[in-house]
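Asks: Structure below; questions to follow.
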Amino acid sequence: MAASYLLPGAHWSVNFGIVAILGFIGLIYLTLYTKIKYNHWKFSHKFLGAVFALAVLHIFLVRGDASRDFIFSGYYIYAIAVSVIGLGGFSYSLFIKERLLQEAVYIIESLKQDNQAYEITLVPEGKPLTYKSGQFIFVRFYNEYLSKEAHPFSIASKSNDHKLKVVVKNLGDFTSGIHNLKVGDKVSIEGPYGRFNYDRRDGIDQVWIAGGVGITPFLGMAEDLKDRKINMKIDLYYSVKDDKDFISLNNLKEVANSNKTSGLFHG
């Protein structure tokens, strides 16, 4: 009987809801259970706004007991607020963002290969970004061998450093071509985004846990510790499959040793 609610009928208000839930399931399935190219996966996310719009139509057009305010007092006010925020965000990202956004332009200054990972150092062509270590950016490389699709990478340099570093590991169809980059290539950057930074809990002892290339946001935060005195103890647990997979391990040891006298940082 429950499954019958997923079959379309004569009422479009109900059909909107059926298409919306099946659309959400399909898009989530693509994310969790398939391996498709990043640009195709990213394109599929644009349809999330469409199925959300169908869900909104279902909520406000459906009739009968389901349309009454039985869920909780003020439900429809809540539903209107969520709908406006969701549709507004979708419309902004799809139609307005690229027209208004001014991406920062950087140039590749150096490329350092560490096993399967590449440390890429960027210098600004104009005004540098203002950022905190631990945040992430969307990077678009202008190289004939790489897609112009923007990809997210964590910042691996200390806060507001003039030179911006990212660490890229050969893990997928895009990053497999990262070796084609060369010094002097132009890069455009969108961001920074995120609130992942140790100073949000300044003064409280912390445990940092990273696996593989997931160490990247911690590299910049560790660099921050060189330039400031902290009143907390930080324990870093960094796990990899093999010793050769460690990234910037010597730098992390240097930070740990420089703070050992005060007993505030342990690596």
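The values are calculated or read from the model by the stated rules, or taken from the named source; none is laboratory data. Since the model is a prediction, treat every value here as computed from it, not as a measurement. With ideal geometry, Cβ positions are generated from the backbone for all residues, glycine too; neighbour counts draw on all protein chains shown.
Asks: Checking the structure you have, find out if any residue of segment 131-150 is more than 30 Å from ASP245 (Cα to Cα) and touching a residue at least 24 places away in the same chain (Cβ under 8 Å).
Replies: No: zero hits.
Asks: Confirm whether ASP205 is out of contact with any strand residue (DSSP E or B) (no Cβ under 6 Å at 6 or more places or on another chain), within 20 Å of ILE137 (Cα to Cα), modelled with pLDDT under 90 and among the acidic types (Asp, Glu).
Replies: no
Asks: For segment 176-212, name all the residues that are farther than 24 Å from LYS158 by Cβ and assigned to a helix (DSSP H, G or I).
Replies: SER176, GLY177, HIS179, ASN180
Asks: Continuing with this model, one more query. Identify the single condition in (1) more than 30 Å from LYS37 (Cβ to Cβ); (2) surrounded by 12 or more Cβ atoms within 10 Å (Cβ to Cβ); (3) of a type in the set (S, T, N, Q) that ASN257 does not satisfy, given that it satisfies every other one.
Replies: (2)
Asks: For segment 158-177, give me each residue that is farther than 16 Å from GLU125 by Cα, touching a residue at least 12 places away in the same chain (Cβ under 8 Å) and more than 19 Å from the chain's Cα centre (by Cα).
Replies: Within segment 158-177, just GLY177 meets the criteria.
Asks: Of the residues that sit in segment 115-157 and are within 18 Å of the chain's Cα centre (by Cα) and among the polar types (S, T, N, Q), which one is surrounded by the fewest Cβ atoms within 10 Å (Cβ to Cβ)?
Replies: Result: THR130.
Asks: Might you let me know whether segment 198-212 holds any residue that is out of contact with any helix residue (DSSP H, G or I) (no Cβ under 8 Å at 6 or more places or on another chain), in the same structural domain as LEU122 (by TED's automatic domain parsing) and within 30 Å of HIS40 (Cα to Cα)?
Replies: No: zero hits.
Asks: Is at least one residue of segment 59-78 of a type in the set (Gly, Ala, Ser) and assigned to a helix (DSSP H, G or I)?
Replies: yes
Asks: With respect to the numbered conditions (1) among the hydroxyl-bearing types (Ser, Thr, Tyr); (2) in a strand (DSSP E or B); (3) not assigned by TED's automatic domain parsing to the domain that holds ILE189, which one is the sole condition not fulfilled by SER93?
Replies: Every listed condition holds for SER93 apart from (2).
Asks: Looking at this structure, is LYS253 outside the structural domain of ARG140 (by TED's automatic domain parsing) and outside any strand (DSSP E or B)?
Replies: Criteria met by LYS253.
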